[in-house]
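Student: This structure is in structure tokens; I'll ask about it shortly.
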Amino acid sequence: MDGAFDEEGEPAVTIGEYLDEVEERELEADLVLGGDEGKECTFSKGYMKRQAIFSCLTCTPEGNAGVCTACSLSCHDGHQIVELWTKRNFRCDCGNSKFGEFYCKICPNRDVENAGNSYNHNFKGSYCTCGRPYPDPDAEEQVEMIQCCLCEDWFHEEHLGLESSTEIPKDEEGEPMYDEFICKACSEVCFFLKLYPEDIWAAGKQTDATVQKDKAVLEDMSSTHRPEKPVCETSYNSPKIDEVQATVDSKSTSLGKSLSQGKNISSSIVSNHCPKSTNLHDNCLLGVNIVDASPVLPNRPMFLSKNWRDALCKCNNCLEFYNQKHIAFLLDKEDSIAEYEQMAKLKREEKLQQQEGAELSFFSKLGHVEKVEILKGIEEMKDGLRAFLESADSSKPITAADVHQFFDEIKNKRRRVQ
């Protein structure tokens, strides 16, 4: 706190502004940690859908291991730690064979390795296609980075593979208009998204000619990539895929409305597209066998709108493709960062309510004398603070030394009374 008060030239802040800033920082931390207070190692919970992960370069300089919040605080305090924000389907590595003779102080009994974990260059402290660290010590100004929802790497806007940063969907104030982002490399496996109505895309230049051109390529190729056994009778009776695509496109208006309202829109489209079947998994929204299709399209980053995952087809064919490409997590609502942060907010609210309840419970259990003493102490603090602020020179900022002197006087007054 010293630097916040005693350096002349530093902007003065009110107590209210300072408390608001503390509250904001605590909220940011809770959103990243998912409400995890860092008291228990998460190893026993197995591969968690999403959790905050840290890499210790002191113990594993190769960047091939990650530890949970509790282990980063208890086992690796004082080490060179890389904060990775969150990772999906990850199990804490602390103390396993990658750490040599180092053992976990919280949960010593570990598997040799967590074979289900995935690691990228982030674990070495490198990000983006440029491989630079964050914060970058050589950068004049630290800029925000964008995370890909598939590979979970972070990218600078100028390294997304776009002709101009103006192609990134943003509002007039520069705030993102997209909900999730898929990087240029990962867009190759997500070519099938080009067949969906434009409503799944965030507003911007990306939904103009480029998407329409890629969609046309997919439609031309689809006739040679149909499954031997059609997954939906009505999907393959027509000789051309453009008729099927027209059926999907005709739903784009209602799809966009449903996406904006957060509704499950896939079932309504399927019911109209394949009325003879009542099983969602026997129908394909796209009418294309994406398992066999291997279109050669230019890779471009993708910016997706809110609730776009709800629009994904869940027929047997598409599910097979998702599993083959290891992207089935896109169907899990709890996988998204937005859902993770929402759960973190709920945990934070519950914790604050519990703390408030505990304080009231503690106060109610006190005797009459103790209650009077506490209330008297609060009044003395308020009176002392008011006198302190009134006596201060309004033309000069309050320094850290002034604050320390105020509390020392309060303590000395208490001692004299006792």
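Student: Past the 29 Å Cα-Cα mark, which pairs from Lys39/Lys345; Lys39/Lys413; Lys105/Lys411; Lys194/Lys347; Lys314/Lys347; Lys345/Lys411?
Tutor: Lys39/Lys413; Lys105/Lys411; Lys194/Lys347; Lys314/Lys347; Lys345/Lys411
Student: Karplus couplings for region 57-64 from phi (6.51 cos²θ - 1.76 cosθ + 1.60, θ = phi - 60°), rounded to Hz, Gly and Pro as x?
Tutor: Whole-Hz 3J(HN,Hα) from phi for region 57-64: 6, 6, 8, 10, x, 6, x, 10.
Student: Right, here's the next one. Taking amide H atoms as placed 1.01 Å from N in the peptide plane, list the residues 5 or more away in sequence, or in a different chain, whose amide H sits under 5 Å from that of Arg50.
Tutor: Counting only residues 5 or more places away or on other chains, the set is Asn89.
Student: Can you tell me the FRET efficiency between His159 and Glu349 if r is taken as the Cβ-Cβ distance and R0 is 41 Å, rounded to the nearest 0.05?
Tutor: Details: r = 38 Å, r/R0 = 0.92.
Approximately 0.65, to the nearest 0.05.
Student: Still on this structure, I have one more. Heavy atoms only, probe 1.4 angstrom, no DNA, RNA or ligands counted: give me Met48, Met302, Met177, Met381 ranked by accessible area, highest first.
Tutor: Met177, Met381, Met48, Met302
Student: Something else about it: In the neighborhood of Ile290, defined by Cβ-to-Cβ distances under 10 Å, what is the net charge if each Lys or Arg adds +1 and each Asp or Glu adds -1?
Tutor: That works out to -1.
Student: Give me the number: length gained by fully extending Ala115 to Glu62, i.e. 0.36 nm times residue separation minus the C-alpha to C-alpha distance, one decimal in nm.
Tutor: Length gained, Ala115 through Glu62: 17.4 nm.
Student: Accessible area per residue, 1.4 Å probe, Å², for region 73-201: what's the number?
Tutor: Each residue of region 73-201 exposes 54 Å² on average to a 1.4 Å probe.
Student: Rounded to the nearest Å, what's the spacing between the alpha carbon centres of region 108-123 and region 357-403? Just the number, please.
Tutor: Using only Cα atoms to place each centre, the spacing works out to 49 Å.
Student: If you don't mind, another one. Between Ala392 and Glu379, 0.36 nm times their residue separation minus their Cα-Cα distance comes to what? Provide the component values of the computation, followed by the final result.
Tutor: Details: separation 13, 0.36 × 13 = 4.68 nm, distance 2.00 nm.
Gain in length upon complete extension: 2.7 nm.
Student: Tell me, what is the 1.4 Å probe accessible area of Tyr103, in Å² to the nearest 10?
Tutor: The accessible area of Tyr103 comes to roughly 140 Å².
Student: Under the classification rounded if a/c is under 1.5, otherwise prolate if a/b is larger than b/c and oblate if not, where does region 37-116 fall, given a ≥ b ≥ c as square roots of the Cα gyration tensor eigenvalues?
Tutor: Since a/c stays below 1.5, the shape of region 37-116 is classed as rounded.
Student: So what are the ³J(HN,Hα) numbers for region 189-201, from phi and the Karplus equation (6.51, -1.76, 1.60; θ = phi - 60°), rounded to whole Hz, Gly and Pro as x?
Tutor: 6, 9, 4, 5, 5, 5, 8, 7, x, 5, 5, 7, 8
Student: While we're on this one: With every protein chain left in place and a probe of 1.4 Å, what is the accessible surface of His326, to the nearest 10 Å²?
Tutor: 150
Student: How high is the FRET efficiency between Glu40 and Arg415 when r is their beta carbon distance and R₀ equals 41 Å, given to the nearest 0.05?
Tutor: 0.50
Student: Please give the contour-minus-distance gain from Thr399 to Ala358: 0.36 nm per residue of separation, less the Cα-Cα distance, rounded to one decimal in nm.
Tutor: Result: 11.3 nm gained on full extension.
Student: Highest mean first, how do 132-138, 315-321 rank when packing is the count of other Cβ atoms within 10 Å averaged over residues?
Tutor: Ranked by mean Cβ neighbours within 10 Å, highest first: 315-321, 132-138.
Student: Within the accessible area of region 54-204, what % is carbon and sulfur when the probe is 1.4 Å and the other protein chains stay in place?
Tutor: 45
Student: Now for a different question. Each residue of region 334-350 in turn: what ³J(HN,Hα) in whole Hz from Karplus with 6.51, -1.76, 1.60 and θ = phi - 60°, glycine and Pro shown as x?
Tutor: Per-residue couplings from phi come out as 6, 6, 5, 5, 4, 5, 4, 5, 5, 5, 5, 5, 5, 5, 5, 4, 5 Hz.
Student: Collect residues whose amide H, placed 1.01 Å from N in the peptide plane, falls under 5 Å from the amide H of Ala202; neighbours closer than 5 in sequence don't count.
Tutor: Correct list: Phe303, Leu304, Ser305.
Student: Something else: Can you tell me the order of 351-361, 110-120, 80-90 when each peptide is scored by its average per-residue count of other Cβ atoms within 10 angstrom, highest first? Spell out each step's value before the answer.
Tutor: Values: 351-361: 10.2, 110-120: 13.8, 80-90: 18.5.
Ranking the peptides 351-361, 110-120, 80-90 by packing returns 80-90, 110-120, 351-361.
Student: Around Glu37, with a cut-off of 11 angstrom between Cβ atoms, what is the net charge of the other residues, counting Lys and Arg +1 and Asp and Glu -1?
Tutor: +1
The values are calculated or read from the model by the stated rules, or taken from the named source; none is laboratory data. Quick caveat, the model's predicted, so the values are computed rather than measured. Every residue, glycine as well, gets a Cβ built from its backbone with ideal geometry; the counts of neighbours run over all protein chains shown. Note: accessible area is taken over every heavy atom of the protein model, side chains too, but ligands, DNA and RNA are not part of it. Shrake-Rupley method; radii C 1.70, N 1.55, O 1.52, S 1.80 Å.
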